[in-house]
Amino acid sequence: MKLDNKYKAPIDFLQLEVVEYLDFQDIPSLALEKDPAGTLYLSYLVEINNYTELRTLISVSEIRLKEILSGHISLNDAFNIAESEFVYFISFKLTNGVQSEVLIYPLFEFITINPIPEDYLIPITFNEIEPILENQELISYAVKKNKIILDFYLKSDQLNNNIKPWAVNKVFQPVVEMTKSFLEIDQRQADHLLAYSNLRQSSLGISIEITHHPTIFEESKEIGQIRKVIYLLNAQSKEDLQKIINSSKNEAYLKHYVNVINTIIEKNATLCTAIADPISRTIIESKLNRKSANIIKIIIDETLQNITDIEEYIGYFLEIDVDKKEPSFKFHSIDEDVTIKGKIAEDVLEKLKADMINIGKENYSFTIKTIYKPETTVNPEKTVHYLLEYKRVDEKH
Amino acid sequence: MYREILPENCPPAYAGEINDVLYRIVNNNIVLEEDFIPYSKKFPENPRYKNNCKAHAVSFYKEMYTLLKTYRNAIKNGSNLGKYIASLEIKPNLGKSVINSNGHVSLWFYKDVNFDKLRYIEIREINEIR
């Protein structure tokens, strides 16, 4: 690059030390540097010639730096609208880092020769970045829709170019199940009350819209329950966990919560969630990463030996075996679209033997007790279902 | 633990082991350790690199597109990064790495990596790709 010698300045006019490289892809394209007074400089590699690197630099305030790193100002613009009146060109010897030439260009001259491509984007190293939550935007959206918004954002190195099934199956879906559990709703009700929107493919971001029923005098029952999702994902002690368990009618959410924790650890992912309440216009947030997930996993292993849950399903029998040592059943749930098999509780065994069950044809309401044993360092996870009661759906209605 | 003498807190705590097929620009069409030398080692007396973590990492790319973009920028800046593009399997036992939003991977090699055992899955001259 041809530079005008009339802007030459004394060597070591600026004494600089590299704080970090913001873009180092085979070549050191962009660095953050500082002088002895602590002033920060952005330093862009212009060219390498004869074992000398020529860099262009501007001083930046911390606020401006944040704006640049968050992408609100491009690097090209950042130089064109530099906070100071001057832009520097400094040559450094590659062998020892010593400065060999310094030029100080006035900003109005620099603009005409700015070597930084207009489309240059500063790469962001994953796990260094915190997803930026646009609070006002999220609240406005919640108010506009008059719905509680549960915003879900999962990031991981493995979600760089696309969304992997584990992100949906092992984190997003369990969070939805936790939400359903706290709201005490089944799949059929979920189809009415929940909706997904604002899908972001940069990592995995989804907003879950939740219909609520606020009254004039008090907040909706739903927001109180949904907050527990955030409290749970923020839990870092036995007390945190116990408080949620004690205030919840069932424990079905714990199984899904354990799945989320295990996946965050296994995939070294970070899950950020936020709830926007359209009535109070407030946001509460949670952040779960591998470090916090490891802490709570130890507590879970110590605290939760078994998670018990009793649920109702509508479906039809697929199989009944009362002659086995441990009589068993299998049914398909119509509302949840899952097949569940397990053991038959003694209380219901005689009734089952006496009843004329029409397998695969008649619909029943099943009361199922589920005992879930979370995975520990020595044992794999285990789920056992018990049939406690069943009724013909016609009888019920 | 690492092949290079690294500055403090390097690699960062969030760096992890990966298991992936990645691309790298190299100078030889067989695996030679000299093609996996970090920038800091080329200029060991330069404090601008010696004290910086990323300068001790070796660059790999998840996408051919990003690799070619870097290659072309480097040519424009006066650097020739190599003649070939090699793809190779990066196993967790090779080192720790971080990835950025361009799909660029900085890898800090472990000390005992045996380069003789590495094989390229594919190697092509850069001219063929252009």
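The values are calculated or read from the model by the stated rules, or taken from the named source; none is laboratory data. Worth saying up front: this structure is predicted, and the values here are computed from it rather than measured. Every residue, glycine as well, gets a Cβ built from its backbone with ideal geometry; the counts of neighbours run over all protein chains shown.
Annotations for the structure displayed:
- Any hit, segment A:358-370, residues being surrounded by fewer than 16 Cβ atoms within 10 Å (Cβ to Cβ), assigned to a strand (DSSP E or B) and of a type in the set (Ser, Thr, Tyr): no
- Residues within segment A:314-364 that are closer than 25 Å to A:Ser181 by Cα and at pLDDT below 90, tallied: 6
- Where A:Glu350 falls short, out of the listed (1) in a helix (DSSP H, G or I); (2) more than 28 Å from A:Glu184 (Cα to Cα); (3) touching a strand residue (DSSP E or B) at 6+ places or on another chain (Cβ under 7 Å): (3)
- Every condition in (1) buried (at least 21 other Cβ atoms within 10 Å of the Cβ); (2) within 11 Å of another protein chain (Cβ to nearest Cβ); (3) at positive phi is met by B:Val58 except one, and the failing one is (3).
- In segment B:23-38 there is no residue matching the filter, namely being facing chain A (nearest Cβ under 10 Å), free of Cβ contacts under 8 Å to residues at least 24 places away in the same chain and either surrounded by fewer than 20 Cβ atoms within 10 Å (Cβ to Cβ) or of a type in the set (Gly, Ala, Ser) (or both).
- Segment A:174-278 holds strands (runs of 3 or more DSSP E) entirely within its bounds, and those carrying 1 or more residues that are in contact (Cβ under 8 Å) with a residue 24 or more places away in the chain, in contact with a helix residue (DSSP H, G or I) (Cβ under 6 Å, 6 or more places away or on another chain) and small (Gly, Ala, Ser) map to A:270-277.
- Condition met for A:Glu83 (within 21 Å of A:Arg55 (Cβ to Cβ), away from chain B (no Cβ under 12 Å), surrounded by 14 or more Cβ atoms within 10 Å (Cβ to Cβ) and touching a Ser or Thr at 6+ places or on another chain (Cβ under 7 Å)): no
- Unmet requirement for B:Ile18, which otherwise passes all of (1) outside any loop (DSSP other than H, G, I, E, B); (2) among the aliphatic types (A, V, I, L, M); (3) surrounded by 15 or more Cβ atoms within 10 Å (Cβ to Cβ): (1)
Residue by residue, here is whether (1) exposed (fewer than 14 other Cβ atoms within 10 Å of the Cβ); (2) not hydrophobic (A, V, I, L, M, F, W, C) holds:
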site	(1), (2)
A:Leu138	no, no
A:Tyr141	no, yes
A:Lys144	yes, yes
A:Ile148	no, no
A:Phe152	no, no
A:Asn162	yes, yes
A:Gln173	no, yes
A:Glu177	no, yes
A:Asp191	yes, yes
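- Being within 11 Å of chain A (Cβ to nearest Cβ) and either surrounded by fewer than 16 Cβ atoms within 10 Å (Cβ to Cβ) or not β-branched (Val, Ile, Thr) (or both) is a property that B:Asn80 has.
- Selection count where residues are of a type outside the set (A, V, I, L, M), modelled with pLDDT of 85 or more and surrounded by fewer than 18 Cβ atoms within 10 Å (Cβ to Cβ), scope segment A:371-385: 1
- Just one residue in the set B:Glu45, B:Glu63 is acidic (Asp, Glu), closer than 27 Å to A:Ala31 by Cα and at the interface with chain A (Cβ under 7 Å from one of its Cβ atoms); that residue is B:Glu45.
- Residue-level analysis places A:Tyr7 outside the set of residues that are within 14 Å of chain B (Cβ to nearest Cβ) and surrounded by 14 or more Cβ atoms within 10 Å (Cβ to Cβ).
- Condition met for A:Val46 (within 10 Å of chain B (Cβ to nearest Cβ), within 26 Å of B:Pro38 (Cα to Cα), surrounded by 17 or more Cβ atoms within 10 Å (Cβ to Cβ) and among the β-branched types (Val, Ile, Thr)): yes
- Complete set of residues in segment A:333-350 that are under 37 Å from the mean Cα position of the chain (by Cα) and surrounded by 18 or more Cβ atoms within 10 Å (Cβ to Cβ): A:Ser333, A:Ile340, A:Gly342
- Of the set (1) part of a strand (DSSP E or B); (2) in contact (Cβ under 8 Å) with a residue 60 or more places away in the chain, all apply to A:Glu302 but (1).
Quick grid of which residues meet (1) more than 14 Å from chain B (Cβ to nearest Cβ); (2) closer than 26 Å to B:Asn73 by Cβ; (3) touching a Phe, Trp or Tyr at 6+ places or on another chain (Cβ under 8 Å); (4) modelled with pLDDT of 95 or more:
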position	(1), (2), (3), (4)
A:Leu138	yes, no, no, no
A:Val143	yes, no, no, no
A:Asp151	yes, no, no, no
A:Leu154	yes, no, yes, no
A:Leu159	no, no, no, no
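- Count of segment A:309-328 residues, restricted to those that are within 14 Å of A:Lys343 (Cβ to Cβ) and either in contact (Cβ under 8 Å) with a residue 12 or more places away in the chain or of a type in the set (S, T, N, Q) (or both), is 6.
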